[in-house]
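Peer 1: Please read through the structure below; I'll follow up with questions.
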Amino acid sequence: MHWSNYFIPTLREEPADAEVVSHKLLLRAGLIRQLGAGIYSYLPLAQRSVLKISNIIREEMNAVGAQEFYLPAIHPAEYWQESGRWSIMGDNMFRLKDRKGGDYCLGMTHEEVMTDIARHELRSYKQLPQVWYQIQSKFRDEPRPKSGLLRVRQFTMKDAYSFDIDQAGLDKSFDDQRHAYCRIFSRCGLEYVIVEADTGAMGGSASNEFMVYTNAGEDLVASCHECDYAANVEKAKSRIPAIDDGAAASAPEKFPTPGVRTIDDLVTFPGGAAADRQIKTLIYVSVAEKGNDARSTPFLALLRGDHPLNEVKLANAIAGLVNTDGWEQTAIRPAHAEEILELMGANAGSLGAVGFSKAWVIADEALRGRVNMTTGANEDDHHLRGVSVERDIKVTKWADIRSVAEGESCPNCDSGKLQVGKALEVGHIFKLGTKYSNSMGARVLNSDGKEVPVIMGCYGIGVERILAAAIEMHNDDAGIIFPITIAPFQIVVTPLNVRDAELKAVGDRIYSELHEAGIEVLYDDRDERAGVKLNDADLVGFPFQLRIGPKKLKEGKVEFYDRRTKQSEDLPADQAVKIAIDRIHDELNEGAHAPRVRNQPRLLE
RNA sequence: CGGGGCGUAGCACAGCCUGGUAGUGCGCUCGGUUUGGGACCGAGAGGUCGUAGGUUCGAAUCCUAUCGCCCCGACCA
């Protein structure tokens with residue numbers, strides 16, 4: 001490929017709209033251009049890289065026996081209505097009508113479509129297991145697209161689905177995928193950590209996320225520095241030291257607290273209490289749907305005063321109470337001030353659950369057994385002290401609803417402390433169980449001749465996120481440093497002045513020989529100054545450069561430059577091709593096998 | 001959806017407050033000099049000032065509406 005004729009629109013200046021480093025570099029290096037919010041065109045360099053990533057994924061999927069499909073991106077509404085997700089997905093789903101007024105959507109994911117194929121074609125346990133996958137565009141009308149390719153509205157996903165007869169089969173399929181994912185991310189040059197995760201709208205029993213530590217990430221991961229425990233904070237647990245509450249008071253005692261509105265206020269208020277000896281009372285509203293009906297249900301969430309609420313955990317805890325009689329919780333939100341006053345008869349700042357029974361009360365596990373606590377009296381400007389949680393409060397449900405904090409003890413080992421770091425999700429694997437096979441009727445006969453629902457799993461990878469994550473991880477002031485496995489080209493050959501016939505002739509020869517040898521080589525034959533060409537090559541981040549300049553060529557040498565190590569080395573011009581090929585092969589092999597698991601966050605700046 | 005910011009040439013921006021000639025740098029075209037880390041000189045091309053309406057003799061500039069994009073909070077690959 002000749003650069004003079006290849007479309008690589010590099011930018012000298014930083015694009016004003018880009019915030020995160022991968023976004024800036026993808027634009028500057030001429031890989032992507034924006035069409036709309038969260039909608040990007042992939043230019044030739046990006047397309048080459050994405051195809052290489054896709055092929056790595058394809059190879060590893062095939063290696064664990066998965067079979068490649070290609071499903072429609074446009075889905076009739078009925079399938080999503082059957083699974084119940086037509087309403088659950090809400091505004092996140094792109095919807096459209098056909099000429100006859102029929103409802104359709106653009107696929108956000110493909111459980112429904114795959115399950116539809118499975119229920120029509122799978123009849124017997126003898127056909128199982130099946131593992132099906134595809135690499136295809138997904139459409140999600142994100143409320144807030146951002147950060148270049150990190151959060152977009154159209155993206156490419158590898159999505160795989162497994163169908164097994166029993167739990168043991170699912171465990172095997174899940175482990176196969178997990179193994180394949182490790183290989184995929186390692187081969188793509190990512191350092192990642194596997195974490196326990198929330199299942200969210202996907203449903204199911206268990207899930208693992210593959211996370212890349214980066215400050216551009218939007219998730220928080222808690223990990224132990226002693227053992228291999230790691231979890232999304234939406235799921236993470238921790239051990240906390242017991243607190244000495246003293247002897248339980250015989251009964252709660254009301255006392256006036258004029259002007260006290262917050263936990264902190266009460267800490268400093270005379271006769272108040274330390275934050276960890278207070279009960280924080282939050283009012284939330286669960287929003288649920290049933291067909292076209294919707295309803296809002298306010299409820300209480302209780303936490304230790306110094307503990308932050310985790311909304312995902314709370315949503316999961318309350319869902320079990322809300323989801324009855326066909327009602328399906330779609331969201332939770334903090335209650336508005338008027339709703340609080342109506343339910344509690346008091347304003348935020350003086351709320352408490354003692355003697356309260358008008359709504360569900362979800363209490364955090366950390367409050368179990370606590371006595372002598374202080375909380376709002378549910379009367380403006382008054383609090384209660386001497387509260388014994390289990391004696392004085394009617395708790396509907398105990399649950400873990402707090403977020404863990406840095407420095408708390410690992411739930412998995414004796415001595416470890418948790419660290420919390422920002423991370424980007426690049427893959428997510430789920431044990432779905434029978435959620436879709438039940439709702440959509442995918443059943444087979446087992447060996448006893450009995451009809452049973454198929455046990456499913458689903459497994460997703462964001463293809464462009466791998467590209468963006470690799471750039472987030474591998475870059476410097478000069479630009480991208482591509483891992484060779486996903487680089488658009490493996491090497492660039494650069495005669496520093498193409499008007500110099502001698503340099504040009506050597507460049508032509510080296511380029512042809514590399515090309516003949518099957519190396520992915522780009523030939524920078526542009527009539528530009530050396531500085532422009534070298535800066536562009538650094539910016540795009542090809543792993544290697546072969547620079548042909550007049551001084552060294554007089555000595556019969558050319559310069560071999562390693563973008564990652566910044567080391568250059570003079571090679572005899574007549575052996576440069578052979579040596580370069582060896583280097584490229586070495587690098588490719590190393591990339592394919594090096595374990596690249598990282599259990600600890602990078603230090604935050 | 002709540003909050004903040006921005007829409008002027010391909011890119012980055014100035015001009016707006018205080019209404020009157022459309023401007024700078026980079027990039028692009030042509031000519032010349034230059035050639036190992038984003039050259040220099042000269043001559044050019046290129047803009048419905050996001051869109052619509054209003055105020056005014058006159059609007060990039062003031063007013064109203066609207067669309068779009070970016071960033072901060074609740075969702076996910």
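The values are calculated or read from the model by the stated rules, or taken from the named source; none is laboratory data. The shown structure was predicted, so the numbers you read here are calculated from the model rather than taken from an experiment. Positions of Cβ are generated from backbone atoms using ideal geometry, with glycine treated the same way; all protein chains shown enter the neighbour counts. Surface accessibility is based on the protein's heavy atoms, side chains included, excluding ligands, DNA and RNA. Shrake-Rupley method; radii C 1.70, N 1.55, O 1.52, S 1.80 Å.
Peer 1: For the stretch A:489-592, what does the equivalent ellipsoid look like in terms of its semi-axes, each the square root of 5 times an eigenvalue of the Cα gyration tensor, given largest first in whole Å?
Peer 2: Numbers: eigenvalues 80, 45, 32 Å².
For the stretch A:489-592, the semi-axes come out at 20, 15, 13 Å.
Peer 1: Given the whole protein assembly as supplied and a 1.4 Å probe, what does the accessible area of A:Ser250 come to in Å², nearest 10?
Peer 2: Answer for A:Ser250: close to 110 Å² accessible.
Peer 1: Could you derive backbone 3J(HN,Hα) for the stretch A:324-335 from the dihedral phi with the Karplus parameters 6.51, -1.76 and 1.60 (θ = phi - 60°), listing whole Hz in sequence and x where the residue is Gly or Pro?
Peer 2: Coupling constants for the stretch A:324-335: 9, 6, x, 6, 10, 5, 9, 6, 10, 8, x, 6 Hz.
Peer 1: Hand me the trypsin sites (Lys or Arg not before Pro) from the stretch A:1-81 located in a DSSP loop with no more than 11 other Cβ atoms within 10 Å, in residue order please.
Peer 2: A:Arg12
Peer 1: Enter the Cα centre distance for the pair the stretch A:225-254 and the stretch A:355-402, rounded to the nearest angstrom.
Peer 2: The distance from the Cα centre of the stretch A:225-254 to that of the stretch A:355-402 comes to 15 Å.
Peer 1: Nearest 10 degrees is fine. How inclined is helix A:111-121 to the longest principal axis of chain A, computing both from alpha carbons?
Peer 2: The answer is roughly 80 degrees.
Peer 1: Quick one: accessible surface of A:Arg402, probe radius 1.4 Å, all protein chains present, in square angstrom to the nearest 10.
Peer 2: A:Arg402 has an accessible surface of roughly 10 Å² with all protein chains in place.
Peer 1: So, one more: Each residue of the stretch A:303-312 in turn: what ³J(HN,Hα) in whole Hz from Karplus with 6.51, -1.76, 1.60 and θ = phi - 60°, glycine and Pro shown as x?
Peer 2: Each residue's phi maps through the Karplus curve to give 9, 5, x, 9, 9, x, 6, 10, 5, 5 Hz.
Peer 1: Further, regarding this structure: Within 10 Å, count the other beta carbons around each residue, average over each peptide in A:139-148, A:175-184, and list them highest first. Show your work: numbers first, answer last.
Peer 2: Details: A:139-148: 17.2, A:175-184: 20.6.
Those peptides, ordered most packed to least, come out A:175-184, A:139-148.
Peer 1: For A:His383, what residues show an amide H to amide H distance below 5 Å, using hydrogens built from the backbone and excluding near sequence neighbours?
Peer 2: Under 5 Å from the amide H of A:His383: A:Phe255, A:Thr257, A:Ala377.
Peer 1: Of all chymotrypsin sites (Phe, Trp or Tyr not before Pro) in the stretch A:18-108, which ones are in loop regions per DSSP and have a Cβ with at most 15 other Cβ atoms within 10 Å?
Peer 2: A:Tyr70
Peer 1: In whole angstrom, how far apart do the alpha carbon centroids of the stretch A:524-573 and the stretch A:90-150 sit?
Peer 2: Each part's Cα centre sits 47 Å from the other's.
Peer 1: Also, I was wondering about something else. Could you sort A:Met89, A:Met114 by their accessible area in this structure, using a 1.4 Å probe and putting the largest first?
Peer 2: Output order, biggest surface exposure first: A:Met89, A:Met114.
Peer 1: With θ set to phi - 60°, apply the Karplus curve 6.51 cos²θ - 1.76 cosθ + 1.60 along the stretch A:380-394 and write out the HN-Hα couplings as whole Hz, x wherever there is a Gly or Pro.
Peer 2: Karplus values, whole Hz, x for Gly and Pro: 3, 6, 9, 10, 10, 10, x, 8, 9, 4, 6, 7, 9, 10, 8.
Peer 1: Could you give the distance between the Cα centres of the stretch A:269-341 and the stretch A:450-520, to the whole Å?
Peer 2: 48 Å
Peer 1: In degrees from 0 to 90, rounded to the nearest 10, what is the angle of the helix A:576-593 Cα long axis to the longest principal axis of chain A?
Peer 2: Approximately 20 degrees, to the nearest ten.
Peer 1: For the Cα atoms of chain A, what angle does the longest principal axis make with the long axis of helix A:167-187, in degrees from 0 to 90, nearest 10?
Peer 2: 40 degrees
Peer 1: Helix-only estimate, please: 222 nm mean residue ellipticity of chain A, summing -39500 (n - 2.57) across DSSP H runs of length 4 or more and dividing by its residues, to the nearest 500.
Peer 2: Calculated at 222 nm, the ellipticity per residue is -8500 deg cm²/dmol.
Peer 1: Can you give me the long-range amide H partners of A:Glu528? Hydrogens built in the peptide plane at 1.01 Å from N, cutoff under 5 Å, separation of 5 or more residues or another chain.
Peer 2: Amide H neighbours of A:Glu528: A:Val498.
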